[in-house]
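Inspection log for the structure reproduced underneath, given as structure tokens.
The values are calculated or read from the model by the stated rules, or taken from the named source; none is laboratory data. The structure presented is a predicted model; accordingly, all values stated were derived computationally and were not measured. Ideal geometry is used to build each Cβ from the backbone, glycine not excepted, and the neighbour counts take in all protein chains shown.
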Amino acid sequence: MSGIPDFQSIILPYLHELSHGREVPVDEVRRAMADHFSLTPEQREVTHPGGFRTVFGTRVAWAKANLTRAGLILNPSPGRVMISERGQAVLAENPASLSVVYLNRLRECQQESQGGATIDLNGFTNSILETPSELIERSHEAIRQATMEELLIRLKGNSPAFFERAVVRLLAAMGYGISGDASVTGASHDGGIDGIIREDKLGLDIVCVQAKRWEGTVGRPVVQQFVGSMDVERSRKGVIITTSTFSREAIDYINRIEGKKVVLIDGPRLAELMVEYNVGVIVTKVYEIKDISNDFFDEEEG
């Protein structure tokens with residue numbers, strides 16, 4: 001696609017963008033990459049078949065995935081990245097480019113590089129080091145990770161009401177509720193309960209849902225308030241879903257309460273479930289891989 005850089009061309013600029021050492025949102029880095037390559041608004045919005053993800057966004061995400069696998073960047077929290085000490089060391093070598101082959105070799109030599117050994121950046125060719133099956137598996141996982149990352153970005157960019165509805169749709173897709181009997185309360189005085197799912201026709205078993213697009217870590221006070229508000233609905237089951245993470249204190253509190261079962265779902269797990277249950281995603285391509293049938297050749301001649 002004309003004018004849009006391939007993902008390997010993005011790898012080194014991506015790492016340079018994080019050279020300041022601060023933790024930044026991935027969507028901020030993606031915008032910086034688009035500016036770096038002077039992409040037009042049209043080039044930034046070119047999508048893959050199906051129209052869900054942009055071509056440039058996919059390539060940036062794949063560059064990030066390879067940098068992460070090589071240990072050059074870190075994911076300190078959902079949707080945020082920062083350069084690692086190894087990444088700073090690589091930049092100090094002033095490389096002209098960073099190829100996938102080099103990153104794969106760097107990952108294999110991690111222990112040696114941590115022990116002080118240096119790696120010649122020009123010592124690797126672009127020959128394929130993996131089998132086609134390994135490449136497919138790795139590519140599939142990279143696309144999956146990029147899709148989950150994009151899901152979180154899109155969820156954070158929509159309204160709180162949209163996020164609440166998306167969460168309830170996910171729970172319904174997972175089989176909670178009868179015939180999709182899930183509702184969003186929308187009340188400001190609901191004590192933190194954003195949705196109610198009835199698991200039986202008489203409403204004898206109710207699951208309370210709280211869905212919030214927090215940016216920071218969700219602490220124990222928020223979780224404790226939700227658990228207390230479940231009494232109003234006479235519910236013993238609850239789910240708290242966020243686009244961020246939960247504090248250790250919040251997790252410990254949930255593990256200690258008695259008489260109620262509350263599940264905490266953070267951003268990465270939420271995105272993983274949405275992909276698994278096809279909520280907010282579509283299948284754009286299906287590839288068939290065929291192998292020799294041993295049964296066919298083992299048949300006895302008639």
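Mind listing just one residue for me: the one in the stretch 73-110 that is assigned to a loop (DSSP other than H, G, I, E, B) and under 18 Å from the mean Cα position of the chain (by Cα) and, of those, nearest to I11 (Cα to Cα)?
Going through the qualifying residues, I end up with G79.
Can you name every residue in the stretch 38-56 that is surrounded by 14 or more Cβ atoms within 10 Å (Cβ to Cβ) and either among the hydroxyl-bearing types (S, T, Y) or modelled with pLDDT of 95 or more (or both)?
Selection gives T47, T54.
Looking at the stretch 85-92, can you tell me whether even one residue there is touching a residue at least 24 places away in the same chain (Cβ under 8 Å), within 22 Å of T147 (Cα to Cα) and buried (at least 19 other Cβ atoms within 10 Å of the Cβ)?
The answer is no; no qualifying residue exists.
Check off (1) modelled with pLDDT of 90 or more; (2) not in a loop (DSSP other than H, G, I, E, B) for D27 and give me the number that stays unchecked.
Condition not satisfied by D27: (1).
Search the stretch 233-265 for residues being in contact with a Gly (Cβ under 6 Å, 6 or more places away or on another chain) and under 22 Å from I153 (Cβ atoms), and hand back the single one that is surrounded by the most Cβ atoms within 10 Å (Cβ to Cβ).
T243
Taking the stretch 151-165 as the search range and keeping residues that are charged (D, E, K, R) and closer than 15 Å to G267 by Cα, which one is surrounded by the most Cβ atoms within 10 Å (Cβ to Cβ)?
Applying the filter and picking the extreme gives E164.
Quick check: anything in the stretch 214-232 modelled with pLDDT under 80 and either closer than 30 Å to N158 by Cβ or more than 26 Å from the chain's Cα centre (by Cα) (or both)?
Yes - at least one qualifying residue is present in the stretch 214-232.
Restricting to the stretch 155-170, name every residue that is within 15 Å of I193 (Cα to Cα) and not hydrophobic (A, V, I, L, M, F, W, C).
Once the filter is applied, which keeps residues that are within 15 Å of I193 (Cα to Cα) and not hydrophobic (A, V, I, L, M, F, W, C), the stretch 155-170 yields P160, E164, R165.
Out of curiosity, is E249 among the acidic types (D, E), in the same structural domain as Y176 (by TED's automatic domain parsing) and either closer than 30 Å to E23 by Cα or in contact with a Ser or Thr (Cβ under 7 Å, 6 or more places away or on another chain) (or both)?
In short, yes.
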